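Mind having a look at this structure? Questions to follow.
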Amino acid sequence: MFVEVRNVHGSSTALASYHGYQSWKDFWLDKTNYKWPDYCPIVGCSEKATLGAHVYIVGDPYNRVFIMPMCDEHNQDYYGTFKVDSAWLYRLR
């Protein structure tokens, strides 16, 4: 199922080390047991997936936060929304 996501503002201060990981990428890899994608899973993107990004699903009444693989370019966009297969999302809280 495809969903629309948006980056979480201010998440750069959230440390993966509080969860026992060196990076959000490591966190995502451990929790999902998936292979890290070569490319950003955002529909239409062909950039390399470089980091684990904090996102939320647009319209989610519970404002849940998820970690997903993402490229640097999309990770810097705090105003856009992106379409992604929900299988790439791992719920953080």
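Could you tell me which chymotrypsin sites (Phe, Trp or Tyr not before Pro) in the stretch 16-86 are loop residues by DSSP with no more than 14 other beta carbons within 10 angstrom of their beta carbon? Kindly include the intermediate steps, with their values, before the conclusion.
Values: sites: TYR18, TYR21, TRP24, PHE27, TRP28, TYR34, TYR39, TYR56, TYR62, PHE66, TYR78, TYR79, PHE82; in loops: TYR21, TYR34, TYR62, TYR78, TYR79.
Answer by residue number: TYR34, TYR62, TYR78, TYR79.
Kindly report the accessible area of the chain per residue (heavy atoms of protein chains, probe 1.4 Å, no ligands, DNA or RNA), in Å². Numbers along the way, then the final one.
On the way: 5710 Å² over 93 residues.
In whole numbers, the chain has 61 Å² accessible per residue.
Go ahead and estimate [θ] at 222 nm for the chain from helices alone: -39,500 (n - 2.57) per DSSP H run with n ≥ 4, summed, over the residue count, rounded to 500. Walk me through the intermediate numbers first.
Numbers: 2 runs with 13 residues, N = 93.
Here the helix-only value at 222 nm equals -3500 deg cm²/dmol.
Unpartnered cysteines of the chain (Cβ-Cβ under 4.7 Å counts as a partner)?
Singleton cysteines: none in the chain.
Would you mind classifying the chain by shape? Square roots of the alpha carbon gyration tensor eigenvalues, ordered a ≥ b ≥ c; an a/c under 1.5 is rounded, otherwise it is prolate if a/b is larger than b/c and oblate if not. Mind dumping the intermediate values first?
Numbers: a/c = 1.35, a/b = 1.12, b/c = 1.20.
Rounded is the answer for the chain, as its axis ratio a/c remains below 1.5.
Size of the dipole of the chain about the Cα centre, Lys and Arg at +1 and Asp and Glu at -1 on the beta carbon, nothing else charged, in debye to 20?
On the way: 9 positive and 10 negative charges, 62 e Å.
The dipole of the chain has a size of about 300 debye.
For LEU51, what residues show an amide H to amide H distance below 5 Å, using hydrogens built from the backbone and excluding near sequence neighbours?
MET70
Which of the lysines could be linked to LYS35 by a straight reach, that is with a Cα gap under 19 Å, when you skip same-chain ones fewer than 8 residues away?
List returned: LYS25, LYS48.
Could you please state how large a percent of the accessible area of the chain is carbon and sulfur, counting protein chains only and using a 1.4 Å probe? Please list the in-between numbers first.
Details: 2780 of 5710 Å².
That fraction is 49 percent.
Ignoring everything but the protein chains, give the 1.4 Å probe accessible area of VAL8 in square angstrom, nearest 10.
Solvent-accessible area, nearest 10 Å²: 30 Å².
The values are calculated or read from the model by the stated rules, or taken from the named source; none is laboratory data. None of the values given here were measured: they were computed from a predicted structure. Because the Cβ atoms are built from the backbone with ideal geometry, glycine has one as well, and the counts that use them run over all protein chains shown. Remember, those area values only see protein heavy atoms, side chains included, never the ligands or the DNA or RNA. Shrake-Rupley method; radii C 1.70, N 1.55, O 1.52, S 1.80 Å.
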